[in-house]
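Quick notes on the structure that follows.
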Amino acid sequence: MPSLFASYLRVYEPLTAFDRDRQLFWRRYVREGRAVAPLEGPGRQRTAVLEALGAGWTRLPDLPDEAYVLEADDTLLVCPWNLRVRVAEAALSARDGVPSVLADAFVPPILAGQAKAIVEDWRSGARVLEHGVPRVHEQIATWGVPLRWFVFVDAEERELVTRRGRRALRYRTEISKARRRAHRGVSVLRKSVGDAPITEAVEEGARWLEEFHPRSVVELDYGGLVDLLPDHVLEEDDSPKLVAAGLAGLSRGDAEAATEAYEKLVSRWRAVQLLERCN
């Protein structure tokens, strides 16, 4: 279940990316006014999961198909939530690396079996791409923004709203631009630092972006993190610019410039992460 103090990396795909039945479903979904705004979505997701689960982990719930919707250049794009699959994956992840006694107490074997069946069905079903990887349209990070996500966007693509009761900070870009930036970042990192964790993380993001339709839109949304930061901090935030400066420094062999940009980023987001301990 997503934390309200979380950031999100989403991909909105045009309807042509889906089969005919799903296209009809999403058209009807939008026509009936059921689409959920990103500001309301995390809370709705949490409520839907908690209500469906009931008092405990006794079964995997049936959850409705929901999505965020975006219109760009007269094209309708959707970012499905895939909540049931995400809950199943979370149930399985909760058992990883945990002694069996604790794992069975938190996620009973019967529930784990249901979760495994759902995930396997998802991976082998009709919604799987030709190369065998299902599209999961939304990634979530709690108490911060993964630095690798800033590789995919540009500072000029920022959209900032600081009105009372409606605060938001997000970046939106064409997926073709996000892919170029991702591949350029991987190239620079591989030449400069080799197979380091950051290289692998950006490369994983680049592979994820390749799963989607070429006319998709990528969105990096600060989500509930905006409620932790005052307006002047949001207005001054230049994280994508710092990432770009760091990569530029690495590409020209200027380790000092790259280190300076990296340290500024780490310091900024560590301050946000520390707020989790105060919560």
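Only residues that are open to solvent by 10 Å² or more (accessible area, probe 1.4 Å) and under 23 Å from Phe5 (Cα atoms): list them for region 206-223, please.
Within region 206-223, Asp221, Gly223 qualify.
Which pairs turn up if I take residues in region 257-276 that are of a type in the set (S, T, N, Q) and look for partners that are in a helix (DSSP H, G or I) with beta carbon separation below 9 Å, at least 6 apart in sequence or on another chain?
Thr259/Gly246; Thr259/Gly249
Of the conditions (1) aromatic (Phe, Trp, Tyr); (2) more than 17 Å from the chain's Cα centre (by Cα); (3) assigned to a loop (DSSP other than H, G, I, E, B), Tyr262 satisfies every one except a single condition; which number is it?
Evaluating Tyr262 over (1) aromatic (Phe, Trp, Tyr); (2) more than 17 Å from the chain's Cα centre (by Cα); (3) assigned to a loop (DSSP other than H, G, I, E, B) leaves (3) as the failure.
Would you mind stating whether Ala258 is modelled with pLDDT of 95 or more and over 26 Å from Glu40 (Cα atoms)?
Values: modelled with pLDDT of 95 or more: no; over 26 Å from Glu40 (Cα atoms): yes.
Considered against the rule, which asks whether it is modelled with pLDDT of 95 or more and over 26 Å from Glu40 (Cα atoms), Ala258 comes out as no.
Is one or more of the residues making up region 225-247 of a type in the set (A, V, I, L, M, F, W, C), buried (at least 16 other Cβ atoms within 10 Å of the Cβ) and assigned to a strand (DSSP E or B)?
no
Take the residues in region 94-109 that are open to solvent by less than 50 Å² (accessible area, probe 1.4 Å) and assigned to a helix (DSSP H, G or I), then tell me which one is modelled with the highest pLDDT.
We begin by selecting, within region 94-109, every residue open to solvent by less than 50 Å² (accessible area, probe 1.4 Å); these are 94, 103, 107-108.
Checking which are assigned to a helix (DSSP H, G or I) leaves us with 94, 103.
On the way: Ala94: 65, Ala103: 68.
My answer is Ala103.
Just the residues that are among the aromatic types (Phe, Trp, Tyr) and at pLDDT 95 or above, please, taken from region 136-180. Walk me through it before giving the result.
Our first condition is that a residue be among the aromatic types (Phe, Trp, Tyr); within region 136-180, this holds for 143, 149-150, 152, 171.
Within region 136-180, Trp149, Phe150, Phe152, Tyr171 qualify.
Which of the residues belonging to region 20-39 are hydrophobic (A, V, I, L, M, F, W, C) and either open to solvent by 60 Å² or more (accessible area, probe 1.4 Å) or out of contact with any Leu (no Cβ under 8 Å at 6 or more places or on another chain) (or both)? It would help to see each step written out before you state the result.
Filtering region 20-39 down to residues hydrophobic (A, V, I, L, M, F, W, C) leaves 24-26, 30, 35-37, 39.
Residues satisfying the conditions are Leu24, Phe25, Ala35, Val36, Ala37, Leu39.
Which condition from (1) open to solvent by 10 Å² or more (accessible area, probe 1.4 Å); (2) hydroxyl-bearing (Ser, Thr, Tyr); (3) under 16 Å from the mean Cα position of the chain (by Cα) is the one that Ser176 breaks?
Against the list (1) open to solvent by 10 Å² or more (accessible area, probe 1.4 Å); (2) hydroxyl-bearing (Ser, Thr, Tyr); (3) under 16 Å from the mean Cα position of the chain (by Cα), Ser176 comes up short only on (3).
Could you list, in sequence order, all residues of region 248-277 that are among the acidic types (Asp, Glu) and open to solvent by 80 Å² or more (accessible area, probe 1.4 Å)?
Initial filter on region 248-277 (among the acidic types (Asp, Glu)): 254, 256, 260, 263, 276.
The answer is Glu256, Glu260, Glu263, Glu276.
With Ala117, Ala91, Ala126, Ala112 as the choices, which residue is modelled with pLDDT under 70 and part of a helix (DSSP H, G or I)? Give the steps one after another, and end with the answer.
On the way: Ala117 fails: modelled with pLDDT under 70; Ala126 fails: part of a helix (DSSP H, G or I); Ala112 fails: modelled with pLDDT under 70.
Exactly one residue qualifies, and that residue is Ala91.
The values are calculated or read from the model by the stated rules, or taken from the named source; none is laboratory data. Predicted model, so just to flag it, every value in this text is computed and none were measured. Heads up, the Cβs are rebuilt from the backbone with ideal geometry, glycines too, and the neighbour counts pull from every protein chain shown. Side chains are part of the model used for accessible areas, which takes the heavy atoms of the whole protein and leaves out ligands, DNA and RNA. Shrake-Rupley method; radii C 1.70, N 1.55, O 1.52, S 1.80 Å.
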